[in-house]
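What follows is one structure encoded as structure tokens, with my remarks underneath.
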Amino acid sequence: MVILSNKKREFDRFDFIRYSLIVLVVVLLFKLASLTIAYGDYYRDLADNKRIKEIYTSAPRGEIRDRYGRLLAGNTPSFTVQLLKDELNNLDKAERNEHLLQLVRFLEEDGVYYSNDYQIELNSIKFRDNYDYVTSDFEPIEVLINILIENNLIDDLLNAQFELPYENHYRYDILNNTKEILSKTNDVRDISDNETRQSYALYLSQLIENNKSDIRKILEHPIARLMAYELLESKGLQQNLILDEFSSVYLDDYIQNKASLMKKFDYITFSTTAEEDFINLFVENSLNSFLTNVINVNDNEKIIPGEVLISMIKDRGLTSPVEIVIDEEQNAVIYKLSNGNETKDTDPLELLIEFAVENDIIDEFIKSDEIKYHAQSKLISDGVNPKITVSKGIEYTFTNELKTWEKKNKLKLGMTVEEAFEMIKENNGINKEISKYEVRSILGLLNQINSQGYMAYQPINIAYGIKDKTVAKIEENLSYVPGISISIEPVRYYPEGKTAAHILGYIGKISQDNEIEKYINQNGYSPNALIGKTGIEESYELELSGTNGVKKVEVDAVGNTANIIDEKKPIPGNNVYLTIDLKLQKVAEQALEQTLNELSKGGTFESKWGNFKYGINRRKGRPYIYANSGAVVVLDVNTGEVLAMASYPSYDVNLFATGISSSDWASLFPEDIDNPLAARPLYNIATQTAVQPGSTYKMVTALTALEKGLDPLLKIRDMGYVQVGDKKFHCLIYTNTGGTHGYENLYDAIADSCNYYFYTLALGRNQRTGEDIGVKVEIEDLVEMSKKLGLNDKTGIEINVPAEVSGGVPDPQKKIITTKVLLRNMLEENLRNYISDGKSLTDDQIDAAIEEIVSWTELDMPLSRGEVVSRLTEMGFDPEKRINSEREGLADKIKYTYLNQAGWTITDTLNVVIGQGQNAYTPIQMANYISTIANGGNKNKVTLIDSIMDYNNSSVLYKREVETQKIELNNYENLEHVKQGMLRVADDGSARATFQNFPVKVGVKTGTAERSGRNPYTNETFDDFAWFVGFAPYDNPEIAVAAVLFQGGSGGYAAPMVREIIAEYMGLNSEGVENSLPLENTILNNQ
């Protein structure tokens, strides 16, 4: 029941709120009316003509300078064409495409190189038959270039003209394009008013001078390729070439990659699958060494591939013929035959692999999730990169990327490339009436825009260094277009060109999976950003990369800035100061180039310190014509700082400053790509190539012998050669003349590089005279000393890409070290059990017997079973006795389990003591080894970094401190004996002629390394490699130098260049410096 009240209602707080809201609405309506009626035109004008825009400005990369502040890598301002994804995609497709088309026409007509990669290529030059890619030494485009040159058709090509398909099409002028290309490296004049096109074409062709790199750049343009092919076709010169109007870049790359693999591996064909190829490549190239690895996944997890394989065998219900032993101390894997297999005359690891193959387990092992990624990494590190991905199944990266691209563009199954092109053109709303050339250019720009991902606000730089006339055209015609602009951007600049290229490294676009993860996902980089790809640019990318700026501005309808609302200025990257001395680096590079140029033609190295005439290869009756590569490293012996590091040939790092073109990239690879020793400009020989050290290793042998008690004054009579079995090991003087060095002490032996002396150290006696020298250098001794001197480890230089190679001592898995340890352990545990009935042996006699049996592993030829039986019987053991129900006796166990597995013999040791055989080291390892000898036994961590400063050099962010470790020796005076021998090399030995007039005392050593076999490309045996190492000044060492010349013959041939480097360091090359001491070195005062 509702009760009604007659009482008058009072005014409450809800009425107040209600009336307040009514008043507020009335005020708002009045204000809106005022804005609309009274000020409507004013605000409409603002809305139509002004808007807020964010302008992003790139931060300059940090500078890289030498130890004295000389600029090695800086930045230069450049007019840059930029695109903005958001603003262009806000436009109607037709309008957007029309603006991009207009931009393309401006760039093309002015011959501007712009980033325009796309997955479909036009007018590709190809072989008619895919198998021609396998049989030909050249790519199709190179074949075309060779035909043009051989038939003198470059002038004809430059006279050709492209007929426009319609009036508004961009005017491609091959003459103008060629002029723009040549002007980057030459002073090229414009065509004069009265000059004919034919005359100007002749002028440009003379500038080209059949330079294949320039011709390749011209042929980067699809219209140029069309003109070139039609020229050949008109003369019937096209040979086995065809012109493919539309082609897939992915498929083309796949065919060329397959062909490259087919040239090297006969089990790979066009019909084999990626999975088959990957497994076969891994088994042949990497499986053996992979199974000896312990893979450290992280601090708490390890993977031992051998254990995984044996586990898979057991999971199949099978019994593995091999057992695995893990040496935790050495982090090494050792295999031994399991019970029942001891009599098999085979290597345990080989038996394991054979067993796994026979039982179809190897494929499963390699494809397993636990192994496949590590297998891929191992294969690549072993120098075989088949470009196969294992992440989602096993397939070639090209076919994987093609599938992704087809899915992204919603292409239908079975489409031709041309049909795909037409469909993509339609999907993007591109005008059907324009030519395929203009369509592809638009698609290339759209591809970059769409690849920008979520960072749509960051500009995409598509063209750098554009000229004023092109700037004017774009500003005049496209400045009003949102998303297209001209900006002045900092571009990487290397003022010294090729100098220190392998140290600095180059920059490029983000492309690899690990780069995408590190820079885009983790550090917020734009997908369009340029990053350090190799060298210091890569290692210190996060230091060198700055923070981009952003400016909020108010712009009018035509894009003019009306007002700056807010601005965050870019912050440049930090500056990295290197340890190198630019002047010394230049001298090192020039001396290396001069050496190779003169050596390869049997010429003369000219110098103020004395000219040096190079000889010829007497066996082949010619100069060392293949001496076209080499390296030299200069270290501060007291700090480990790299003062200079040069590899030849080098390359101009500026080629990469804005993203390298395909023609420039191709020019950095040798034409004879299958020649394993062809000169490769991108290859950092100093850190990437391990070479047998030749006689430069003799200081290791000498120091090892001294540490074992050798008297350096002990004279050993050189008898010319030693003999093991049927093999003779000669001293070089005996090989050349039949003579000998006579009596030699340690200093003489180093000075004369007497092989016989060092053979005697390994044998423990003078084999030919029977004299015992009281010291025997075992392979274990050499391995230990080599490790102490840093020859088994990376130096720690701060170059991550390409990775430093660690040349090293003989592999204990394959050689005598492991076999001796296992054999000795077995004998110590069991030999007493095999004493013959009625015999009694003392502990000393058993110990002597163990040493005798272990020494059998060093024999040149393994003992036969009968010989083992006879010797054991003579020593008092029962060779046929079996204990603990074993299936074999002592003789069989020693013979088949150990002696037959002992890959190392005394002949191997004889090779190693003179620097041949199973050891190889990089130039930077060799330099650090010499540094350690010179400085009294301090092994330094090698470094390129002096310090890191902020962008205005106001704050030190990092200052390098010397990291050194004193090597353990019995007597550090032994280093002085070795150094004295090196002094004798310069004063009286093989380098006397080079240093006889040099005013600084030095310690040096020559070395000649032999490489067996034949070069498959030239079908000739390899020429010897030349090594030269040294330190200076002798009395107070400051620098160590190591140089190697590929196929450079005698080690003495590298001596003049090392002399030039030492002279520069010591300040001797400066004008007005007399040949007298004391001297001030450039490292202290040359600023």
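A few remarks follow.
- Among residues of segment 747-778, those that are under 18 Å from SER695 (Cβ atoms) and within 40 Å of the chain's Cα centre (by Cα), counted: 15
- Against the criterion of being in a helix (DSSP H, G or I), among the hydrophobic types (A, V, I, L, M, F, W, C), at pLDDT below 95 and over 32 Å from the mean Cα position of the chain (by Cα), LEU232 does not qualify.
- Of the candidates TYR114, TYR166, the single residue that is within 30 Å of TYR254 (Cβ to Cβ) and aromatic (Phe, Trp, Tyr) is TYR114.
Residue-wise test of (1) more than 30 Å from PHE265 (Cα to Cα); (2) buried (at least 18 other Cβ atoms within 10 Å of the Cβ); (3) in contact with a Phe, Trp or Tyr (Cβ under 7 Å, 6 or more places away or on another chain).
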| residue | (1), (2), (3) |
| --- | --- |
| SER115 | yes, yes, no |
| LEU122 | yes, yes, yes |
| ARG128 | no, no, no |
| GLU139 | no, yes, no |
| ILE147 | no, yes, no |
| ASN152 | yes, no, no |
| LEU157 | yes, yes, no |
| ALA160 | yes, no, no |
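- Scanning segment 396-423 for residues that are free of Cβ contacts under 8 Å to residues at least 24 places away in the same chain and of a type in the set (A, V, I, L, M, F, W, C), we see that the one that is surrounded by the fewest Cβ atoms within 10 Å (Cβ to Cβ) is LEU413.
- Only listed residue being assigned by TED's automatic domain parsing to the domain that holds GLY69, assigned to a strand (DSSP E or B), touching a strand residue (DSSP E or B) at 6+ places or on another chain (Cβ under 9 Å) and more than 30 Å from ASN638 (Cα to Cα), chosen from GLU554, GLU515: GLU554
- Complete set of residues in segment 273-301 that are touching a Lys or Arg at 6+ places or on another chain (Cβ under 9 Å) and not in a helix (DSSP H, G or I): SER286, THR292, ASN293, VAL294, ILE295, ASN296
- Residue selected from segment 263-282 under the condition among the hydroxyl-bearing types (Ser, Thr, Tyr) and at pLDDT 95 or above, by the criterion farthest from the chain's Cα centre (by Cα): SER271
- GLY393 being over 28 Å from the mean Cα position of the chain (by Cα) and loosely packed, with under 13 Cβ neighbours inside 10 Å: no
- When SER840 is tested against the conditions (1) loosely packed, with under 14 Cβ neighbours inside 10 Å; (2) within 51 Å of the chain's Cα centre (by Cα); (3) of a type in the set (Ser, Thr, Tyr), the lone failure is (2).
- Residues within segment 148-172 that are under 16 Å from LEU204 (Cβ atoms) and either in contact (Cβ under 8 Å) with a residue 40 or more places away in the chain or in contact with a His (Cβ under 8 Å, 6 or more places away or on another chain) (or both), tallied: 11
- Residues that are on the phi > 0 side of the Ramachandran plot and either of a type in the set (A, V, I, L, M, F, W, C) or in a loop (DSSP other than H, G, I, E, B) (or both), drawn from segment 123-156: ASN152
- Matching option when the condition is at negative phi and more than 28 Å from the chain's Cα centre (by Cα), among GLN256, GLN206: GLN206
- Checklist (1) hydrophobic (A, V, I, L, M, F, W, C); (2) surrounded by 16 or more Cβ atoms within 10 Å (Cβ to Cβ); (3) free of Cβ contacts under 8 Å to residues at least 60 places away in the same chain; (4) over 29 Å from LEU103 (Cβ atoms) applied to ILE371, failing item: (3)
- The set of residues in segment 243-253 being surrounded by 15 or more Cβ atoms within 10 Å (Cβ to Cβ) and of a type outside the set (Asp, Glu) consists of LEU243, PHE246, SER247, SER248, VAL249, TYR250.
- Only listed residue being surrounded by fewer than 20 Cβ atoms within 10 Å (Cβ to Cβ), free of Cβ contacts under 8 Å to residues at least 24 places away in the same chain and closer than 28 Å to ASN792 by Cα, chosen from GLU968, GLU976: GLU976
- SER663 vs. criteria of a type in the set (Ser, Thr, Tyr), over 17 Å from the mean Cα position of the chain (by Cα) and over 30 Å from SER931 (Cα atoms): yes
- Residues in segment 939-956 that are assigned to a strand (DSSP E or B) and more than 29 Å from the chain's Cα centre (by Cα): VAL956 only.
- Residue match in segment 168-181 (condition: part of a loop (DSSP other than H, G, I, E, B), at pLDDT below 95, exposed (fewer than 15 other Cβ atoms within 10 Å of the Cβ) and among the acidic types (Asp, Glu)): no
- GLU496 modelled with pLDDT of 90 or more and part of a helix (DSSP H, G or I): no
- One residue alone among GLN458, GLN448, GLN452 is closer than 24 Å to THR534 by Cβ, assigned by TED's automatic domain parsing to the domain that holds ALA529 and of a type in the set (S, T, N, Q), and that residue is GLN448.
- Residue selected from segment 283-305 under the condition closer than 17 Å to GLU358 by Cα and surrounded by 14 or more Cβ atoms within 10 Å (Cβ to Cβ), by the criterion modelled with the lowest pLDDT: ASN288
- Scan segment 659-714 for residues that are touching a strand residue (DSSP E or B) at 6+ places or on another chain (Cβ under 9 Å), more than 30 Å from ARG765 (Cβ to Cβ) and of a type in the set (A, V, I, L, M, F, W, C) and the total you get is 6.
- Complete set of residues in segment 761-794 that are in contact with a helix residue (DSSP H, G or I) (Cβ under 9 Å, 6 or more places away or on another chain) and part of a helix (DSSP H, G or I): LEU761, ALA762, LEU763, ILE779, GLU780, ASP781, LEU782, VAL783, GLU784, MET785, SER786, LYS788
- Hits in segment 899-929 (condition: hydrophobic (A, V, I, L, M, F, W, C) and out of contact with any Gly (no Cβ under 7 Å at 6 or more places or on another chain)): LEU899, ALA902, TRP904, ILE906, LEU910, VAL912, VAL913, ILE914, ILE924, MET926, ALA927
- Cross-chain or 6+ apart pairs with Cβ under 8 Å, segment 720-734 first and in contact (Cβ under 8 Å) with a residue 24 or more places away in the chain and of a type in the set (Ser, Thr, Tyr), then buried (at least 17 other Cβ atoms within 10 Å of the Cβ) and in a helix (DSSP H, G or I): TYR721/TYR734; TYR721/TYR756
- Annotation: of all residues in segment 92-143 being in contact with a Lys or Arg (Cβ under 7 Å, 6 or more places away or on another chain) and among the aromatic types (Phe, Trp, Tyr), the one that is farthest from HIS169 (Cα to Cα) is TYR118.
The values are calculated or read from the model by the stated rules, or taken from the named source; none is laboratory data. Here the structure is a predicted model, which is why all the values come from computation and not from measurement. In this analysis, Cβ positions are derived from the backbone assuming ideal geometry, glycine residues included, and neighbour counts consider all displayed protein chains.
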